[in-house]
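Working notes, beginning with the structure itself.
The values are calculated or read from the model by the stated rules, or taken from the named source; none is laboratory data. Please read all numbers here as calculations on a predicted model, not as lab measurements. Note that we place each Cβ from the backbone using ideal geometry, even for glycine, and neighbour counts take in every protein chain shown. Note: accessible area is taken over every heavy atom of the protein model, side chains too, but ligands, DNA and RNA are not part of it. Shrake-Rupley method; radii C 1.70, N 1.55, O 1.52, S 1.80 Å.
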Amino acid sequence: MQPSDVKALLENRLDGCEFHIQGEGCNFQVVAVGEVFEGLSPVKRQQMIYGALTEEIASGALHAVSIKTYTPQQWQAATDQQGA
């Protein structure tokens, strides 16, 4: 799989999120940004992403997925910090 494939899968299965995908083969890093994460625990946020990729993980098309999730406000703060 390519990062664009993973991004397309997630965009089709999770509404209202922006995705940044890195990786190759079957190992990917997913950064998801969306209002949908507001008020959810980190575990619940990751479960949403894993849930959207269940088929690909079960088939072995995806093996290792690293996930970071942010609300838009958290994402803005994180990107501001990186730029400082």
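A few notes on this one:
- All C-alpha to C-alpha distances of the chain, sorted into 5 Å bins beginning at zero, yield P(r) values of 3, 15, 27, 25, 16, 10, 4, 1, 0 percent in whole numbers.
- For the chain, the mean residue ellipticity at 222 nm estimated from helices alone is -14000 deg cm²/dmol, where every DSSP H run of n ≥ 4 contributes -39500 (n - 2.57) and the total is divided by all residues, rounded to the nearest 500.
- In degrees, nearest ten, helix 72-83 long axis to first principal axis of the chain (Cα): 80
- Net charge dipole, the chain: roughly 220 debye, given to the nearest 20, about the Cα centre with Cβ charges of +1 for Lys and Arg and -1 for Asp and Glu.
- DSSP-defined beta bridges in the chain - what % are antiparallel, rounded to 5: 55
- Exposure ranking of THR69, THR79, THR54 by accessible area [1.4 Å probe, largest first]: THR54, THR79, THR69
- Estimated inter-spin distance, VAL43 and ASP80, nm [label 7 Å along Cα→Cβ]: 3.1
- Å² of accessible area per residue within region 3-74, as computed with a 1.4 Å probe and no ligands counted: 57
- Extension gain (nm, one decimal) between GLU18 and GLU35, 0.36 nm per residue minus Cα-Cα: 5.1 nm
- The largest accessible area among ARG45, ARG13 belongs to the first residue in ARG13, ARG45, and the rest follow in falling order (1.4 Å probe, all chains).
- In terms of accessible area, using a 1.4 Å probe and ignoring ligands and nucleic acids, ASP15, ASP5 rank largest first as ASP15, ASP5.
- Share of pairwise Cα-Cα distances greater than 16 Å in region 35-84 is 51 percent (whole percent).
- Solvent-accessible area assigned to carbon and sulfur over region 3-74 amounts to 50 percent, based on a 1.4 Å probe.
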